[in-house]
């Protein structure tokens, strides 16, 4: 048996795909890699919420699976939208790496005044921490973001710690604790999406990590009930069944937050529904401010 594995062409995507391919090849399965460009890769000069709805890094790979161009695709699981096309399944979820954000900067932290990020969640959490900060948009792959920091466009930038680790990048800065700077749902997790083909699913199940799958399933259940998309400042993080979820105002002034031990997906959905009700005005305000129709 052989598999055609699709991936984006960024250095991080290729590093993540290499990890998956190595695991599959250890099962004596031949693997062919195919690079596919996505809308999120092609449009880099504007914030993500301007491009369109969720899935800008995923749709082209989904289409390639469905039309038989590839058998499966490797993603950062946080990029996979809640609503998925018929005929696709998440066949493997690897053991989670660090879920945390990393604030990259040099010199004293007291000198950090201008921070680069295109994430509304990160923006709101940073402003909650320090309302005097200036947050500027920053797009591009990890190398581009680090280069812009070194060129002095920002005093600091925020990156996913897992991405830096996977690329072997060591850079001055500090880890932002996920209990306070609650990550985006599924951050730090690599997923493999495939056709709903039993033979493919059986192979990929061998590299699945059940404990991680359970935690990220809880996060996604909450995310799906909140239904706010990637445009609302929202963090959801579950570790060993302990859930932290929050929705913030864009300026970080207001927060609706839950912390609770979760045993089942039904409990997660109940908590997500409750959070949605409590944060409905924050979600509406975020969409209105960004000029997006709910």
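Separation of the range 199-227 and the range 146-169 by C-alpha centroid, Å?
About 28 Å separates the Cα centre of the range 199-227 from the one of the range 146-169.
Run the simple label-point estimate for residue 151 and residue 32 please: 7 Å along Cα→C-beta, distance reported in nm.
Result: 3.8 nm between the two label points.
Over the chain, what is the relative contact order in percent, taking alpha-carbon pairs closer than 8 angstrom and at least six residues apart?
Over the chain, the number comes to 20 percent.
Springs between alpha-carbon atoms under 10 Å, Gaussian network over the chain: tell me which of 17, 212, 144 tops the mean-square fluctuations.
In the Gaussian network model the winner is 144.
Between residue 242 and residue 2, 0.36 nm times their residue separation minus their Cα-Cα distance comes to what?
82.5 nm
Explain nothing, just the number: relative contact order of the range 54-177, from Cα pairs under 8 Å at least 6 residues apart, as a whole percent.
Numbers: 137 pairs, mean separation 38.5, N = 124.
Relative contact order comes out at 31 percent.
Subtract the Cα-Cα distance of residue 278 and residue 205 from 0.36 nm times their separation in residues, and report this length gain in nm to one decimal.
In short, 22.5 nm is gained.
So, R0 is 41 Å and r is the distance between the beta-carbons of residue 113 and residue 197; what FRET efficiency does that work out to, to 0.05?
The calculated FRET efficiency here is 0.20.
Give the angle, between 0 and 90 degrees and rounded to the nearest 10, that separates the Cα long axis of helix 280-290 from the longest principal axis of the Cα atoms of the chain.
With rounding to tens, the tilt is 90 degrees.
Compute the length gained on full extension between residue 169 and residue 266: take 0.36 nm times their separation in residues and subtract their Cα-Cα distance, giving the result in nm to one decimal.
On the way: separation 97, 0.36 × 97 = 34.92 nm, distance 3.93 nm.
Length gained between residue 169 and residue 266: 31.0 nm.
Taking the chain as a Gaussian network, where each spring joins two C-alpha atoms under 10 Å apart, which residue of 140, 235, 188 fluctuates the most?
Taking springs between Cα atoms under 10 Å, the residue moving most is 140.
FYI, it's all coordinate maths here, none of it is from the lab. Source: prediction; values computed, not measured. Here the Cβ is made from the backbone with ideal geometry for all residues, glycine too, and neighbour counts use every protein chain on show.
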